[in-house]
1. Please report, in cubic angstrom per residue, the volume enclosed by the convex hull of the alpha-carbon atoms of region 1-144.
2. What are the radius of gyration and Dmax of region 354-417, computed over its Cα atoms and given in Å?
3. Considering just Cα atoms, how many Å³ per residue does the convex hull of region 167-231 enclose?
4. For each pair in Lys455/Lys500; Lys338/Lys446; Lys446/Lys500; Lys398/Lys521; Lys80/Lys175, compute the distance between the two Cα atoms and list the pairs where it is over 32 Å.
5. Short version: ³J(HN,Hα) in whole Hz for each residue of region 147-159, in order, from phi by Karplus 6.51 cos²θ - 1.76 cosθ + 1.60 (θ = phi - 60°), x for Gly and Pro, what are they?
6. Based on a Kirkwood Rh over C-alpha pairs, give the Stokes-Einstein translational diffusion coefficient of region 407-537 at 20 °C and viscosity 1.002 mPa s in µm²/s.
7. Among 389-402, 166-179, how do they line up from the highest to the lowest mean number of other beta-carbon atoms within 10 Å?
8. For region 459-515, what is the Kirkwood hydrodynamic radius in Å, using each pair of distinct C-alpha atoms?
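The numbers here are math on the coordinates, done by the rules we state, and not lab data. Only a predicted model underlies this, so the values are computations on that prediction, with no experimental measurement involved. Positions of Cβ are backbone-derived with ideal geometry, glycine not excepted, and every protein chain shown enters the neighbour counts.
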Amino acid sequence: MEGVVEMKGKLLVIGFGPGSFDQITKRAKEAIEESDIIIGYSTYVELIQGLLTDQEIVSTGMTEEVTRAREAVRQAEQGKKVAVISSGDAGVYGMAGLVYEVLVEKGWTQATGVEVEIVPGISAINSCAALLGAPVMHDACTISLSDHLTPWELIERRIEAAGHADFVVALYNPKSGRRTRQIVEAQRILLKYRSPDTPVGLVKSAYRDRQQVVLTTLENMLEHDIGMLTTVIIGNSSTFVYDGLMITPRGYQRKYTLTSDDQPLKLHQRLRKENEPWALEQETPKGTKTSLEWATEALSMVSQDSTPAVKPAIITKAATQPESIFEFAVSTGVANKKFTPQQMIALAEVAGEKGSIEYTPHHQMILRIPTSEPEAVTARLRSEGFLLSAIGDVVQLKACDFCDGEKTDSIPYADEIQESLGGLQVPKELKIGFNGCGMACYGAVKEDIGIVYRKGKFDLFLGAKTVGRNAHAGIPVAEGIEPEEIVPLVEDIVAFFKEKAYPNERFHKFFKRIGEIKGFKYQEVPAIQIEPMACGD
């Protein structure tokens, strides 16, 4: 009929979180309030009752998801705003995918069909993790144990893969009145790959009136009440429980750096004696045996038994401490660039079969060594005359060899800069290039901060960019700097960068953004004009 404007409806597929009003997003509340019709599982409709006004309500039972999705599409096609609600996130075992499937079956397109908005919510893995502590800090996966829509053989393979890959696992729909065997099978599979003592969190009705939170172990999890309203979070091999909290380390504790001699994240600090009175090396009152002595004596008795098949294990301190990856750079010094055969042997011995040694073009070797005693590694290498440096987002000094040490005048200043700034944590790795003469053959002008010793004084370059079509050398900002001024000046520049730079911002970008560093102004580098290639005979 001429003059009639066709009303175009809208589908709002809403995840309203775990159920508490405090965990519903602002957009989810607005979407519910602006809708003409609310369609959802009856229990979910009850959970959001306080947000409803005069909307039409369409609620159905647990297994009628397809009916709800088709009704939502039909109503939207009639020009109405329809809210399809799911607990948690609508895109995680919720209604979002099913609504799209119904639309696709009808030939829907974004350009011509009803508008669809997916409103995200807090999924069970997130809400339950928050109540447990921090169990999903590292790689995790979600697996639904409901085999109504997915063959159990496929679910089994997924559990097997998750166990083999050491994922933290969140089990959705773990058990119902008729589905009781699946959770037992899941436990059996995971016990093939995990210790029986692996922490497990059971959260029922998260953030609702009947919320229950239980911390248990993989071995004992089935002794507790588990149902359809329970989410089961199973830790990985590094998950631990502390003061009633389930925590999975992200991995920071596995890497030591040389930024500071005091390592704040040493993994073995979790194994302090006062926290483990049962530890093998724990001290005991005078005249009594230690746990280690008791264990050694027991093993000795076993070895003397008439059944010689059992041999005592050798228990050492190293066996009680987990190994961590210790990574750092080694060089033969600021000016010296020659490795001795003895030093190369020491590197090989320290790295061992499990470590790695990576050559860099900066007269450094990067070592990555599994060890529980990083101090022993550093002590050994320092005794061989190595200079040890941190890697990552730290200050690195790159100095020339001063013509094999023949040009010695500026070496003390290079040493002082290394002593003062080497390994300092900064927002982004910062390289200081140092050349001992005006030839600058070592390429100091190509670094973030370039220092060139010329005629008894220093020239300073800032903000080189070494890669890309607009790569350029550092901007010459000063020449003839007195030797006694160069170290304090460089310290001030680095301190300014450390304080003012954005995280992950490279020095040349920082210099351009700030425009001036300690009185030195940024100058735009002229763009290079590339001439077209000449053609002809």
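1. Once divided by residue count, the hull of region 1-144 is 137 Å³.
2. 14.3, 42
3. Roughly 81 Å³ of hull volume per residue.
4. Lys455/Lys500; Lys80/Lys175, as the Cα separations exceed 32 Å there.
5. 9, 5, 10, 10, x, 4, 4, 6, 4, 4, 5, 5, 5
6. 137 µm²/s
7. 389-402, 166-179
8. Answer for region 459-515: a Kirkwood hydrodynamic radius of 12.5 Å.
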